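Enquirer: This structure is in structure tokens; I'll ask about it shortly.
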Amino acid sequence: TNTRQTIVLTIDSLSMVQTTQNISTNLVKTLGNDNASGSFTIAFNYQDAIVDQVRNTTFYNLNLGYQRQYKASRTTLGATLMAMHSVLETGSNSNVGPSIMLGRPFLKEKLQTNVTAAYLVSFLNGESGGGITNLGLNGSYALSKKHKIGFQASNLIKATDTGTSSELTATANYNYAF
């Protein structure tokens with residue numbers, strides 16, 4: 001557990017104090033044999049934020065996951081079930097859904113690739129807020145021992161009763177290791 005008190009804002013005579021308390025736990029069980037290895041993960045996070053002695057926000061997050069790596073092909077498969085619930089003074093928000101991941105190196109492990117897909121169902125004050133789909137592609141290529149380039153692209157699709165929207169994000173990066 002962790003408790004922290006912070007003065008967040010001071011303007012003229014206005015002073016606001018925020019205290020946060022959180023609890024996190026992460027349990028991992030690793031399994032394996034000569035052909036493959038895998039791990040089960042359970043992660044839980046709880047946070048309670050109090051502003052000026054009035055409860056403001058409570059947040060819960062739970063992740064259940066399994067990841068398996070096949071040694072011969074160096075292929076990694078993963079699946080996670082996520083659940084999040086937050087309570088605010090104005091209402092509550094919840095999200096729940098699965099995600100899957102496939103990762104594999106190529107070109108003598110110089111090129112690392114990863115494909116992800118996630119779907120979350122959203123609830124606002126207990127009523128359906130629609131669904132969110134996130135599709136992603138990540139990669140990095142080692143130019144040499146100290147130089148690496150990378151890319152990431154994701155497409156976020158939000159569907160609600162009022163319509164559908166989509167957002168595509170792509171980034172490129174360069175890394176140098178000292």
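Enquirer: Select from Thr30, Val96, Leu81 the residue farthest towards the positive end of the dipole of the chain; place +1 on Cβ of Lys and Arg, -1 on Cβ of Asp and Glu, and compute about the Cα centre.
Expert: Thr30
Enquirer: How large is ³J(HN,Hα), in whole Hz, for each residue of segment 130-135 in order, when computed from phi with the Karplus curve 6.51 cos²θ - 1.76 cosθ + 1.60 and θ = phi - 60°, using x for Gly and Pro?
Expert: Whole-Hz 3J(HN,Hα) from phi for segment 130-135: x, x, 10, 10, 10, 10.
Enquirer: Do any trypsin sites (Lys or Arg not before Pro) in segment 116-178 lie in a DSSP loop with no more than 11 other beta carbon atoms within 10 Å, and if so, which? Please report the intermediate quantities before stating the final value.
Expert: Working: sites: Lys145, Lys146, Lys148, Lys158; in loops: Lys145, Lys146.
Counting only loop positions with at most 11 other Cβ atoms within 10 Å, the trypsin sites (Lys or Arg not before Pro) in segment 116-178 are Lys145, Lys146.
Enquirer: If I take all pairs of Cα atoms in the chain, what percentage of them are more than 24 Å from each other? Walk me through the intermediate numbers first.
Expert: Details: 9222 of 15753 pairs.
The answer is 59 percent, as a whole percent.
Enquirer: In a GNM of the chain with a 10 Å cut-off on Cα contacts, which of Leu168, Leu102, Leu156 has the highest mean-square fluctuation?
Expert: Leu168
Enquirer: With the chain treated as a Gaussian network of Cα nodes joined by springs under 10 Å, which of Ser166, Ser94, Ser86 yields the largest mean-square fluctuation?
Expert: Ser166
Enquirer: Here is a follow-up. Past 18 Å, Cα to Cα, is the threshold; run Lys29/Lys108; Lys110/Lys146; Lys108/Lys145 against it and keep the listed order. Don't jump to the answer; show the numbers that get you there.
Expert: Details: Lys29/Lys108 29 Å; Lys110/Lys146 12 Å; Lys108/Lys145 13 Å.
With Cα atoms farther than 18 Å apart: Lys29/Lys108.
Enquirer: So what is log10(I(q)/I(0)) for segment 49-142 at q = 0.21, 0.24 1/Å, when the Debye sum runs over its Cα atoms only?
Expert: Reported log10 I(q)/I(0), two decimals: -1.00, -1.15.
Enquirer: Here's another thing I want to ask about it. Please work out the Cα center distance from segment 47-103 to segment 107-178, rounded to the nearest Å.
Expert: Comparing the Cα centres of segment 47-103 and segment 107-178, I get a distance of 16 Å.
Enquirer: Hey, another quick one. Dipole size in debye (nearest 20) for the chain around its Cα centre, Lys and Arg Cβ +1, Asp and Glu Cβ -1?
Expert: Working: 13 positive and 9 negative charges, 256 e Å.
Using only the charged Cβ atoms, the result is roughly 1240 debye.
Enquirer: Kindly provide the GluC sites (Glu not before Pro) of segment 81-147 that DSSP labels as loop, not H, G, I, E or B, and whose Cβ sees at most 13 other Cβ atoms within 10 Å.
Expert: Details: sites: Glu89, Glu109, Glu127; in loops: Glu89, Glu109.
Answer in residue order: Glu89, Glu109.
Enquirer: Ok, one more. Test of understanding: in a Gaussian network model of the chain with alpha carbons linked when under 10 Å, which of Asn134, Asn35, Asn45 would top the mean-square fluctuation ranking?
Expert: Asn35
Enquirer: Averaged per residue, what accessible area in Å² does the chain show with a 1.4 Å probe, protein chains only? Present the calculation step by step, with values, prior to reporting the outcome.
Expert: Working: 12250 Å² over 178 residues.
Accessible surface, normalised per residue, equals 69 Å².
Enquirer: Related question: With only Lys, Arg, Asp and Glu charged, each at its Cβ (+1 for the first two, -1 for the last two), find how big the charge dipole of segment 78-178 is about the Cα centre; round to the nearest 20 debye.
Expert: Approximately 880 debye in magnitude.
The values are calculated or read from the model by the stated rules, or taken from the named source; none is laboratory data. Here the structure is a predicted model, which means the values were calculated and not measured. FYI the Cβ positions are ideal-geometry reconstructions off the backbone, even for glycines, and counts take in every protein chain you see. In case anyone asks, the SASA skips ligands and DNA or RNA and just uses the protein heavy atoms, side chains included. Shrake-Rupley method; radii C 1.70, N 1.55, O 1.52, S 1.80 Å.
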